[in-house]
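The values are calculated or read from the model by the stated rules, or taken from the named source; none is laboratory data. None of these values were measured; they are calculated from a predicted model. Every residue, glycine as well, gets a Cβ built from its backbone with ideal geometry; the counts of neighbours run over all protein chains shown. Only protein heavy atoms, including side chains, enter the accessible area calculation; ligands, DNA and RNA are left aside. Shrake-Rupley method; radii C 1.70, N 1.55, O 1.52, S 1.80 Å.
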Amino acid sequence: MIDSPDYPTADDLALALRLAVDTLRGAPADADWSRPAGTLGWSCRETVEHLADDLLAYAAQLGPALLGPARPPRDRYVPFVATRRAPGAPNNFVRAAPDSGVEGLLEVLEASGGLMVAVARVAPPETRAYHPWGLADPTGFVAMSLVETLVHLHDLATGLGLPWTPPADLCERTLARLFPDVPVTDAPWPTLLWATGRGPLPGHPRRTDWRWYADPRE
């Protein structure tokens, strides 16, 4: 275990997304993407769209900083129009064309994730932009993107019957950036699942309410 892990980078996010898409492409051809994603109330297809939506939304929050004098919003999200396909479905502005199949769905995820990686690589480090859980810098948005990717792949892998264990160092750096209230352990992946209410952690009660802390930590 690393005693003082660095915070995650855009390269970490790129790796996580490649692993995630490769895992999802390993689903059987007859896999039912309408099944619930783990304990979520969303289908597997809806969960992939939600993840793509989060990644593109985070890129959009940082995007105005790349234009020089323009500043990202500090009190709200960029006002894209989001809608729900059905009651209880994710409130998204990113969707895959229904007739594009699983490959089209994963291409939308890759495109959204690639844009987030690209923006994070060039956003000035002093950039700050709104998230409900803190005014985040680029490293914070990378870490938030990693949480979304890693834990929603857990949900999807559960729903589709796929193996998913991400690299421990990615989980460790993500925990270090966003979860100062979470104990440091020698099992970063189970700890991240516990921190996001998805699993047990020996010696600690299961979480029914949780959040991360997006504000930069000096």
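Some points to look at:
- Some residue of the stretch 5-24 being over 18 Å from LEU146 (Cβ atoms) and part of a loop (DSSP other than H, G, I, E, B): no
- For the stretch 34-49, the count of residues that are without any contact (Cβ under 8 Å) to a residue 40 or more places away in the chain, more than 16 Å from GLY101 (Cα to Cα) and either surrounded by fewer than 20 Cβ atoms within 10 Å (Cβ to Cβ) or within 19 Å of the chain's Cα centre (by Cα) (or both) is zero.
- Restricting attention to the stretch 97-114, the residues that are within 17 Å of the chain's Cα centre (by Cα) and either surrounded by 17 or more Cβ atoms within 10 Å (Cβ to Cβ) or at pLDDT below 95 (or both) total 6.
- Filter result for ASP155 (farther than 21 Å from TYR7 by Cα, in a helix (DSSP H, G or I), free of Cβ contacts under 8 Å to residues at least 12 places away in the same chain and among the acidic types (Asp, Glu)): no
- Number of the exception - ASP22 against (1) in contact with a Phe, Trp or Tyr (Cβ under 9 Å, 6 or more places away or on another chain); (2) among the charged types (D, E, K, R); (3) exposed (fewer than 12 other Cβ atoms within 10 Å of the Cβ): (1)
- Residue check for GLY88: over 20 Å from VAL117 (Cβ atoms), part of a loop (DSSP other than H, G, I, E, B) and either open to solvent by 20 Å² or more (accessible area, probe 1.4 Å) or modelled with pLDDT of 95 or more (or both): yes
- The residues listed here are VAL81, VAL94, VAL102; of these, the one that is of a type in the set (Val, Ile, Thr) and outside any loop (DSSP other than H, G, I, E, B) is VAL102.
- Just so you know, in the stretch 164-218 the residues that are within 19 Å of ALA14 (Cβ to Cβ) and in a loop (DSSP other than H, G, I, E, B) include one that is most open to solvent (accessible area, probe 1.4 Å), and it is THR165.
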